[in-house]
Amino acid sequence: MKKEKVIETILAKHNAATAGRKFNAVLATSSINDAIDYYEKFAKIQTQRQAANPEFQPLKIACVFSPPAEGNKDVQQIQEDLPQEKADNTQDPEAKKAVLKAIISDYNDRYGTNHKIGEFDLYYQDVQKRIKDQQFPNADLPHKGAEKIDIVIVVDMLLTGFDSKFLNTLYVDKNLKHHGLIQAFSRTNRVLNDTKPYGNILDFRQQQAAVEEAIALFSGEKIDNPKQIWLVDPAPKVIENLQNAMQTLGAFMESQGLSNAPEDVPNLKGDAARGQFITLFKEVQRLKTQLDQYTDLSEEQAEAIGQTVPTDALQGFRSMYLETAKRLKEKQDKPGGADDPVVEQLDFEFVLFASAVIDYDYIMGLIARYTQNLPGKMKMSREQLIGLIQSDAKFIDERDDIAEYIRGLSADQPLEEKEIRAGYDRFKAAKKVQALTAIADKHRVDAAALQAFVDFVLRRRIFDGDGLSDLMAPLELGWKARTEAELALMADLAPLLHKLAQGREISGLSAYEQ
């Protein structure tokens, strides 16, 4: 297959394979010359696509292969496990060095680094770090995730000994055998959770026979159908499982005298019934998430999925799931646990309900389009927009605030996305001040001092016990009374700190939550 065709295929399938670029990928090539050719062709094709379509979002491509060692002990050590690259570098080494310098220069320009070919090991380490940085949401990295890498083009590197749970796809344009094949394919199989239950292999060399031979060899016994160990169920089977899961959910709702509709979930009676709904719908969502990772669904299969779980129904059920799960989890987390053992044993797996596409940027853009109310751009009503947010687990701590903010906007006053972001930041800041002022008044501490204390804790993500003591000092309490006052204050302050930290851990805070 020509490299241009491989690149077109990758561009067509990458978003689906990586859950909307939530994960990243490696492209394994046969030689350094092939890696160079791919790197240059990716740049050319993506530039052409951008020129033809300004909305095209190019993949961030990196390339890593070792330079001629030339006495560099670090490179010599690296190349002990890189037979192809070591051999390639004996042919026209100066030309390969020149191209690698240009590749590293491109990398420096993109990521603001200052790597040199003479310190290749530092460049290689930085590439590995950026692959692993995929774990961080775009909100935690500047420039909308510009610090990340989508695909790394390699020859021998990264195919053995490198692990990243957020590397889920391997594009293969090289022949692999036995141990090398198993090692390479295993790069994608570090299970993260049910949003990444397995890795994706897109093989452009049709190596199915080699895969089965390698699996049989390394499983320790000859088996009749070794591919069953490796390959996930085909799409029709998963679609059938999804249909069965929806039927099971419907039968349960009917057994409760209710319709199989999101609006009837709040009418479930008792925590045991609510817990059963959690378990049944979680399976529906798990199968839907699995199908979202398939890159080769036919139109008929996509239509069958849509008919089984229509988008509006899925969104509605997700919202009800999150609302119900949040209530039951609060009971789980209370001292002594939940009263009902069914609730106590529930595993909510909120990660299943975090969309890889509906992120903060997407929501702010939707709000902006809502306020502009332009012909052809008005995609949803105010309540539909709120429903979209409430069905996404990433906003579980912010969804009420965002919904309140949206309800306060006027569709008669068009706003740009920049204004929406600034307005929401002001809205959150005002809510924070209001909440802290109420806590300060209740516990008789200085509001400005409490604000400074909270800002300090959030900035460092380390709880400051000494700062808490200083905050309480003006009350001039004895040690016992002060301890009681601190615990009473923290009972109100800890939940707010968790909300403001947006899921990030604050070291030491748990000591005040016993």
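Per-residue answers, yes or no, for (1) assigned to a helix (DSSP H, G or I); (2) in the same structural domain as residue 400 (by TED's automatic domain parsing); (3) in contact (Cβ under 8 Å) with a residue 60 or more places away in the chain; (4) not basic (Lys, Arg):
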position: 436; (1), (2), (3), (4): yes, no, yes, yes
position: 439; (1), (2), (3), (4): yes, no, no, yes
position: 448; (1), (2), (3), (4): yes, no, no, yes
position: 458; (1), (2), (3), (4): yes, no, no, yes
position: 474; (1), (2), (3), (4): yes, no, no, yes
position: 480; (1), (2), (3), (4): yes, no, no, no
position: 489; (1), (2), (3), (4): yes, no, no, yes
position: 494; (1), (2), (3), (4): yes, no, no, yes
position: 500; (1), (2), (3), (4): yes, no, yes, yes
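So is residue 301 of a type outside the set (A, V, I, L, M), at pLDDT 90 or above and in a helix (DSSP H, G or I) or not? Yes; evaluated as a whole, the condition is true for this residue.
May I ask you to list the residues in the range 254-268 that are among the hydrophobic types (A, V, I, L, M, F, W, C), more than 14 Å from residue 312 (Cβ to Cβ) and either in a helix (DSSP H, G or I) or under 30 Å from the mean Cα position of the chain (by Cα) (or both)? Answer for the range 254-268, where residues must be among the hydrophobic types (A, V, I, L, M, F, W, C), more than 14 Å from residue 312 (Cβ to Cβ) and either in a helix (DSSP H, G or I) or under 30 Å from the mean Cα position of the chain (by Cα) (or both): just 265.
The residues of the range 460-472 that are part of a helix (DSSP H, G or I) and in contact with a Leu (Cβ under 9 Å, 6 or more places away or on another chain), listed by number, are 468, 471, 472.
The values are calculated or read from the model by the stated rules, or taken from the named source; none is laboratory data. None of these values were measured; they are calculated from a predicted model. Note that each Cβ is placed from the backbone with ideal geometry, even for glycine, and that neighbours are counted across all protein chains shown.
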